[in-house]
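Here's the structure, in structure tokens; my notes come after.
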Amino acid sequence: MLHDQVPRAFVNLVQMLNVGLLSDISNIGLCFLIQPVLCPCATSSSGRQVISDVVEQYQAGFEEMISSGRYDNKDDFTVVIQPFFVETTIPKLPNGNPDTSYFAPDCFHFSAKAHAAAAIGLWNNMIEAVGAKEKTWLEGEGLKCPTEERPYLATAKNSVKRQPASFGSQQMGGSPKQTSVPTKTIILASCGSGTLFIIIVIVLVFVKRRRRQVSLRNTESTEQTYLLR
């Protein structure tokens, strides 16, 4: 339906995360009480391999479907697989234990920290050339930026036109250097833009109210003059 009726669309198909990884935190904190209720099939020792096999089959099926080119026969529509979850594992603490700060208190859903990492992973996948996309998120990674050479989101068609290795890099001294912007810089820029927008809105509202007050005063003055006459 989207392919046939929605023009100028870029559809992200994010590969499935292997939920069998939940068994890695099944014995931490209260997870041993919560997980058997929320997702017993993925967190049991016997179910982990079954889930992992099913996830791999889904991932392979999605890859085959999209790489067939069935969604690339138009110039204003495409579907691109973003594989940053394929090899993602639970980050570890310095002592080697899984970092549960990436999970909500239910030991199943993502926490805000994990959602932020996933958002950065998705964005970076979107501008990485098809065939050269990262298949895992990297803790603390920054946002990659488009370049003057490739100032657009990567698709199967435009990724073929140039070598994947040249995307997201600048030649300096004969060697590629990845261009990235620290996450904090992006956040500060966004906050600055948001603050400026709010100030502009406040000024416009003030000016509008001021004009209305002046108009009402002029109207009252005209009515009083008319009555005196």
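Select from region 103-123 the residues that are of a type outside the set (Phe, Trp, Tyr) and not in a helix (DSSP H, G or I) and write down the one among them that is farthest from Leu33 (Cα to Cα). Here the residue is Ser111.
Suppose we keep only residues that are β-branched (Val, Ile, Thr) and in contact (Cβ under 8 Å) with a residue 12 or more places away in the chain within region 51-79. Which one would you say is most open to solvent (accessible area, probe 1.4 Å)? Applying the filter and picking the extreme gives Ile51. Among the residues of region 44-61, write down those that are touching a Cys at 6+ places or on another chain (Cβ under 8 Å) and either more than 20 Å from Phe110 (Cβ to Cβ) or at pLDDT below 90 (or both). Answer for region 44-61, where residues must be touching a Cys at 6+ places or on another chain (Cβ under 8 Å) and either more than 20 Å from Phe110 (Cβ to Cβ) or at pLDDT below 90 (or both): Gly47, Val50.
Candidates are the residues of region 4-13 that are open to solvent by 50 Å² or more (accessible area, probe 1.4 Å) and of a type in the set (A, V, I, L, M, F, W, C); the one that is nearest to the chain's Cα centre (by Cα) is Phe10.
Of all residues in region 27-44, at least one satisfies being open to solvent by less than 60 Å² (accessible area, probe 1.4 Å), of a type in the set (Val, Ile, Thr) and in contact with a Leu (Cβ under 6 Å, 6 or more places away or on another chain). If the condition is being among the charged types (D, E, K, R) and open to solvent by 50 Å² or more (accessible area, probe 1.4 Å), then region 104-125 contributes only Lys113. Taking region 131-141, which residues are surrounded by 13 or more Cβ atoms within 10 Å (Cβ to Cβ), farther than 11 Å from Gln82 by Cβ and among the acidic types (Asp, Glu)? Result: Glu141, single match. Kindly indicate whether Ile90 is out of contact with any Gly (no Cβ under 8 Å at 6 or more places or on another chain) and β-branched (Val, Ile, Thr). Considered against the rule, which asks whether it is out of contact with any Gly (no Cβ under 8 Å at 6 or more places or on another chain) and β-branched (Val, Ile, Thr), Ile90 comes out as yes. Every condition in (1) open to solvent by less than 20 Å² (accessible area, probe 1.4 Å); (2) among the acidic types (Asp, Glu); (3) under 30 Å from Pro7 (Cβ atoms) holds for Asp99 except the one numbered (3). Return only the number of the condition from (1) of a type outside the set (A, V, I, L, M, F, W, C); (2) more than 28 Å from Cys39 (Cβ to Cβ); (3) under 22 Å from the mean Cα position of the chain (by Cα); (4) open to solvent by 60 Å² or more (accessible area, probe 1.4 Å) that Glu128 does not satisfy. The single condition Glu128 does not satisfy is (4).
The values are calculated or read from the model by the stated rules, or taken from the named source; none is laboratory data. Keep in mind that this is a model prediction, so the values were computed, not measured. Neighbour counts run over all protein chains shown; Cβ positions are idealised from the backbone, glycine included. Protein only, heavy atoms only, side chains kept; ligands, DNA and RNA dropped before computing areas. Shrake-Rupley method; radii C 1.70, N 1.55, O 1.52, S 1.80 Å.
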